[in-house]
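Everything below concerns the one structure shown next.
No lab work stands behind these numbers, since they all come straight from the coordinates. Keep in mind the model is a prediction, meaning the values are calculated, not measured. Here the Cβ is made from the backbone with ideal geometry for all residues, glycine too, and neighbour counts use every protein chain on show.
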Number of protein chains: 2
Amino acid sequence: MKQLRRHIEEILPLTEKEFSFITSHFSKQHFKKGDYLIEVGQAVPQMFFVARGLLKLYYTDESGKDHILSFPREDWWETDYLAFNTKTKAKINLQCLEASEILCITLKDYQNLRKELPKIEHFFLEKATAGHIASQQRILSLLSSTAEVRYEQLLRRYPALLQRVSKTLLASYLGVSRETLSRLSS
Amino acid sequence: MKQLRRHIEEILPLTEKEFSFITSHFSKQHFKKGDYLIEVGQAVPQMFFVARGLLKLYYTDESGKDHILSFPREDWWETDYLAFNTKTKAKINLQCLEASEILCITLKDYQNLRKELPKIEHFFLEKATAGHIASQQRILSLLSSTAEVRYEQLLRRYPALLQRVSKTLLASYLGVSRETLSRLSS
DNA sequence: TTGTTTTTGTGATATACCTCACAGGTGGTA
DNA sequence: TACCACCTGTGAGGTATATCACAAAAACAA
């Protein structure tokens, strides 16, 4: 929970009381490599904050191919936002690539927290805005760059990721086949 | 401004006083077809709400090709969020495709509005979440679908757009050449 | 109206990337 | 130790889509 406090206070200073109120809405869980936090077809009662570890958020298409939306890691918020917010079934999976320590909040607690502590909405709005900017950059890069350039951008932007994620998975994030990515690297 | 009130009240009920406080932060402007709201290299002092009209938000790459990020129309919020939030120069253009009626808010007014009327952050957070979900869907569609399928999805999702936007522009939104899109249509 | 710009369709050719197939390497585990 | 799952590289061939070129149609401006 310390991690969460530091994370929120980068944007929003908190009193002890406020922080313990926030804390009371989360539950801490440990997951092993390979464990699913969200599985396609299931309900998505929770949103997750990654305190430690690494996950993949991905969609499996009709032909069985995976497409990775994100690699949530330390200090990331993630869930299937569509399913979470509309109480529908998940269309994407969220799975651990490493053993992870996760803070979980249910939709009810999320709504209640926002209602009882309105200033937390300021924090979430800042996060959402940053996320929107990042998504837009990714769309632009998919629209305008070749696989090679996208790979270079990724390396420049998230150099640490290479140490934690296989090239096969990076390929699936970049939107190229692993064979093509392999040929680019060399 | 009526438009704005109706739009906000879909999510957040307002008193007369609250609404006129909100209103006081915006200025209404009319733009002609072809006018720029944001131009690459310039500062981006404002965020925009489209009351009436149609715009394109686009990036021009090194080779001179345009890539369209969005077609902001009635009830859309748009700006170069990165440049707006960080007070840096625009990297993307925002231009009118039709004569448009726009409500503008400066960064200072935006920050002040959020500070003085915290419940408005609830509204913006809801909008930002919806935007994040939409961006994610688009990334998925770029990662997993062929140009043909992306085009069909677009038609199913935004049928009205076809009446207002040329196929050349649609191609640039979908990430295909206009020639390829033309061959798909037939 | 007439001239001008923009849009659209279509052929021919080029290319980035995909798929399939196989082999060697690496790391975990029983 | 031996096995197995996964990862990585690389060749051969196929395909979706890009690019270039041209002409007709439509929209716009004078």
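Kindly check whether there is at least one residue in region B:145-153 that is surrounded by 14 or more Cβ atoms within 10 Å (Cβ to Cβ), of a type outside the set (Gly, Ala, Ser), within 14 Å of chain A (Cβ to nearest Cβ) and on the phi < 0 side of the Ramachandran plot.
Taking region B:145-153 first, the residues surrounded by 14 or more Cβ atoms within 10 Å (Cβ to Cβ) are B:145, B:147-148, B:150-151, B:153.
Filter once more, keeping what is of a type outside the set (Gly, Ala, Ser): B:148, B:150-151, B:153.
If we keep only those that are within 14 Å of chain A (Cβ to nearest Cβ) as well, we get B:150, B:153.
Subset that is on the phi < 0 side of the Ramachandran plot: B:150, B:153.
Yes, some residue in region B:145-153 is surrounded by 14 or more Cβ atoms within 10 Å (Cβ to Cβ), of a type outside the set (Gly, Ala, Ser), within 14 Å of chain A (Cβ to nearest Cβ) and on the phi < 0 side of the Ramachandran plot.
Just to be sure before I move on: is residue B:31 in contact (Cβ under 8 Å) with a residue 12 or more places away in the chain and within 14 Å of the chain's Cα centre (by Cα) in the structure I sent?
The answer is no for residue B:31.
Which condition from (1) within 16 Å of DNA strand C (Cβ to nearest atom); (2) assigned to a helix (DSSP H, G or I); (3) within 12 Å of chain B (Cβ to nearest Cβ) is the one that residue A:133 breaks?
For residue A:133, the failing item is (1).
Can you name the residue in region A:145-162 that is more than 10 Å from DNA strand D (Cβ to nearest atom), in a helix (DSSP H, G or I) and within 18 Å of the chain's Cα centre (by Cα) and, of all such residues, is nearest to residue B:144 (Cα to Cα)?
Only one residue fits best here, namely A:154.
Select from region B:9-27 the residues that are touching a residue at least 24 places away in the same chain (Cβ under 8 Å) and either exposed (fewer than 14 other Cβ atoms within 10 Å of the Cβ) or over 15 Å from residue B:49 (Cα atoms) (or both) and list them in ascending order. Steps first, please.
From region B:9-27, those touching a residue at least 24 places away in the same chain (Cβ under 8 Å) are B:11-12, B:18, B:21-22, B:25-27; that's our starting set.
B:11, B:12, B:18, B:21, B:27 - these are the residues of region B:9-27 that are touching a residue at least 24 places away in the same chain (Cβ under 8 Å) and either exposed (fewer than 14 other Cβ atoms within 10 Å of the Cβ) or over 15 Å from residue B:49 (Cα atoms) (or both).
Would you confirm, using the coordinates I've provided, whether residue B:142 is within 16 Å of DNA strand C (Cβ to nearest atom) and assigned to a helix (DSSP H, G or I)? Give the steps one after another, and end with the answer.
Details: within 16 Å of DNA strand C (Cβ to nearest atom): yes; assigned to a helix (DSSP H, G or I): yes.
Against the criterion (within 16 Å of DNA strand C (Cβ to nearest atom) and assigned to a helix (DSSP H, G or I)), residue B:142 qualifies.
Which members of region A:145-186 meet the condition of being away from DNA strand C (no atom under 12 Å from the Cβ), touching a residue at least 12 places away in the same chain (Cβ under 8 Å) and over 30 Å from residue B:128 (Cβ atoms)?
A:185
Looking only at region B:176-186, count how many residues are surrounded by fewer than 19 Cβ atoms within 10 Å (Cβ to Cβ) and either in a loop (DSSP other than H, G, I, E, B) or within 11 Å of another protein chain (Cβ to nearest Cβ) (or both).
We begin by selecting, within region B:176-186, every residue surrounded by fewer than 19 Cβ atoms within 10 Å (Cβ to Cβ); these are B:177-180, B:182-186.
With either in a loop (DSSP other than H, G, I, E, B) or within 11 Å of another protein chain (Cβ to nearest Cβ) (or both) added as a condition, the list becomes B:177, B:186.
Counting residues in region B:176-186 that are surrounded by fewer than 19 Cβ atoms within 10 Å (Cβ to Cβ) and either in a loop (DSSP other than H, G, I, E, B) or within 11 Å of another protein chain (Cβ to nearest Cβ) (or both) gives 2.
Tell me which of these residue B:140 doesn't satisfy, since it passes every other one: (1) farther than 28 Å from residue A:124 by Cβ; (2) without any contact (Cβ under 8 Å) to a residue 12 or more places away in the chain.
Unmet for residue B:140, out of (1) farther than 28 Å from residue A:124 by Cβ; (2) without any contact (Cβ under 8 Å) to a residue 12 or more places away in the chain: (1).
Restricting to region A:50-93, give me the number of residues that are surrounded by 15 or more Cβ atoms within 10 Å (Cβ to Cβ), within 13 Å of chain B (Cβ to nearest Cβ) and not in a loop (DSSP other than H, G, I, E, B).
Counting residues in region A:50-93 that are surrounded by 15 or more Cβ atoms within 10 Å (Cβ to Cβ), within 13 Å of chain B (Cβ to nearest Cβ) and not in a loop (DSSP other than H, G, I, E, B) gives 16.
Looking at region B:164-171, is at least one residue within 13 Å of DNA strand D (Cβ to nearest atom), polar (S, T, N, Q) and facing another protein chain (nearest Cβ under 9 Å)?
No; the residues of region B:164-171 include none that is within 13 Å of DNA strand D (Cβ to nearest atom), polar (S, T, N, Q) and facing another protein chain (nearest Cβ under 9 Å).
Can you tell me which residue within region A:96-130, out of those that are more than 7 Å from chain B (Cβ to nearest Cβ) and assigned to a loop (DSSP other than H, G, I, E, B), is nearest to residue B:85 (Cα to Cα)?
Per the criteria, the residue is A:117.
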